[in-house]
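Shown next, in structure tokens, is the structure this report addresses.
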Ligand code: GUN
Ligand code: ZN
């Protein structure tokens, strides 16, 4: 058994749809066993449950949260994050495809996968929905590293059979066969989940999209990820490539790719009919504010997506390497600014819901992750309220948990993460001498 003590917060409902969703315990005890939380509540009430010989790890001036969930990120793009001057389609040609070509080398994939886990665990992210590259070896390297940490991860081999350099293309049949082999090897192994990953409509023929749909029909509980309505030139191109479809989303729906466990990245330029289709099919959207700003793609309509009349499931995505950080705290700060530019206000409770339980609901894993609650996976992140002199000074003036959360999402980054726990074990501690993940 492991036991930790400190101030803690967790969401128990969707604050876009109902009031009073925040559990806040000023001095909490969290007990963990076999990878799960077994008890969570006020220290004074639960301390008697700690068996003799079990040390309680106490976090002072800290805030314990459920592990953060990144619903859209490309691990192979770490090496070209921060690439200057292009919008989506030119950015893909100039920077992304050349970087992804290097993943033909399995040793390179392993190096980048290791760096990725170090970065996300250091940022408090414990689950992510991840694009690998077209190379099966890139998936192998990713899941092998995830298995080492016992993280719950959702990832898959990119499917693309046109409009990219020849060495990055598969075919509909080869993409199907390679995905099927990876599903057999990784889907449901420990905490790993497979995600069928057609890159986006312009890089897939209709035959390839249909093959992706066949994979989804042939296996239980697979995820599906792709990109949707990110950039206006991209949307015009999809219209040319698929003139017989009613909309960009309809290209995917026609192939059977829009349903529960589908995660559609960006979804900036959406019609009301598109939102209705996502609502009724149960598909989720990944809001990627740093990426959408960096590539000049547009402003996601968060409050329209979550309209209580027909709420669509929404999670938060970093979308590195178009996104500019793997920190979901920084990403929340940017989501606030996007909401402000649209004339709306993203309060901290809704924001932290997006990064935790909202992400879990988007992935239909809310019975496992996204909350601190008995029976849920013991994935936690611990924030240091005085990680920097300024943060300590500012958090010292906060008079409510809502204000504290808002300061953390506005000023927080990697430095703010004191520790990360995965499946009941501390995998990162920024004060532990020699911690291999420490900077
Ligand atoms: N659309 C297709 N591929 C990509 C990608 O790698 N990143 C982003 N942001 N959009 C895409
Ligand atoms: Zn993306």
What pairs come up if the first residue lies in the range 318-339 and is within 9 Å of residue 290 (Cα to Cα), the second is part of a loop (DSSP other than H, G, I, E, B) and more than 16 Å from ligand 1 (Cβ to nearest atom), and their beta carbons are under 6 Å apart, counting only those six or more places apart or on different chains? 330/413; 335/346
Mind listing whichever residues of the range 135-146 are buried (at least 23 other Cβ atoms within 10 Å of the Cβ) and in contact (Cβ under 8 Å) with a residue 40 or more places away in the chain? 138, 139, 142, 143, 146
For residue 314, all conditions in the list (1) in a strand (DSSP E or B); (2) within 15 Å of ligand 2 (Cβ to nearest atom) hold save one; what is the number of the exception? (2)
Return yes when residue 331 is outside any helix (DSSP H, G or I), within 22 Å of residue 401 (Cα to Cα) and either assigned by TED's automatic domain parsing to the domain that holds residue 223 or within 16 Å of ligand 1 (Cβ to nearest atom) (or both) and no when it is not. no
Could you grab me the full set of residues in the range 295-317 that are more than 16 Å from ligand 1 (Cβ to nearest atom), touching a residue at least 60 places away in the same chain (Cβ under 8 Å) and in contact with a strand residue (DSSP E or B) (Cβ under 7 Å, 6 or more places away or on another chain)? 306
Exactly one of 254, 269 is surrounded by fewer than 22 Cβ atoms within 10 Å (Cβ to Cβ), away from ligand 1 (no atom under 12 Å from the Cβ), in the same structural domain as residue 154 (by TED's automatic domain parsing) and closer than 27 Å to residue 83 by Cα, and that residue is 269
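Each row is one residue, and each column tells you yes or no for (1) in a helix (DSSP H, G or I); (2) closer than 24 Å to residue 287 by Cα; (3) within 13 Å of ligand 1 (Cβ to nearest atom); (4) not assigned by TED's automatic domain parsing to the domain that holds residue 298.
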{"position": "208", "(1), (2), (3), (4)": "yes, no, no, no"}
{"position": "216", "(1), (2), (3), (4)": "yes, yes, no, no"}
{"position": "224", "(1), (2), (3), (4)": "no, yes, no, no"}
{"position": "227", "(1), (2), (3), (4)": "no, yes, yes, no"}
{"position": "238", "(1), (2), (3), (4)": "yes, yes, yes, no"}
{"position": "245", "(1), (2), (3), (4)": "no, no, no, no"}
{"position": "249", "(1), (2), (3), (4)": "yes, yes, no, no"}
{"position": "258", "(1), (2), (3), (4)": "no, yes, no, no"}
Going by the conditions given, is residue 281 assigned by TED's automatic domain parsing to the domain that holds residue 225, out of contact with any strand residue (DSSP E or B) (no Cβ under 9 Å at 6 or more places or on another chain), more than 22 Å from residue 125 (Cα to Cα) and more than 16 Å from ligand 2 (Cβ to nearest atom)? no
Check the range 329-349 and report whether any residue there is touching a strand residue (DSSP E or B) at 6+ places or on another chain (Cβ under 7 Å), modelled with pLDDT of 95 or more and more than 30 Å from residue 91 (Cα to Cα). yes
For the range 275-294, give me each residue that is surrounded by fewer than 24 Cβ atoms within 10 Å (Cβ to Cβ) and more than 16 Å from ligand 1 (Cβ to nearest atom). 275, 276, 277, 279, 280, 281, 282
Restricting to strands (runs of 3 or more DSSP E) lying wholly in the range 4-109: which have 1 or more residues that are surrounded by fewer than 18 Cβ atoms within 10 Å (Cβ to Cβ)? 22-33, 36-42, 56-58
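Let's see how each residue does on (1) within 16 Å of ligand 1 (Cβ to nearest atom); (2) within 22 Å of residue 327 (Cα to Cα):
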{"position": "110", "(1), (2)": "no, yes"}
{"position": "114", "(1), (2)": "no, yes"}
{"position": "126", "(1), (2)": "no, yes"}
{"position": "130", "(1), (2)": "yes, yes"}
{"position": "165", "(1), (2)": "yes, no"}
{"position": "181", "(1), (2)": "no, no"}
{"position": "184", "(1), (2)": "no, no"}
{"position": "187", "(1), (2)": "no, no"}
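The values are calculated or read from the model by the stated rules, or taken from the named source; none is laboratory data. Please read these numbers as outputs of a predicted model, since none were measured by experiment. Quick reminder, even Gly has a Cβ in these numbers, built from the backbone with ideal geometry, and neighbours come from all protein chains shown.
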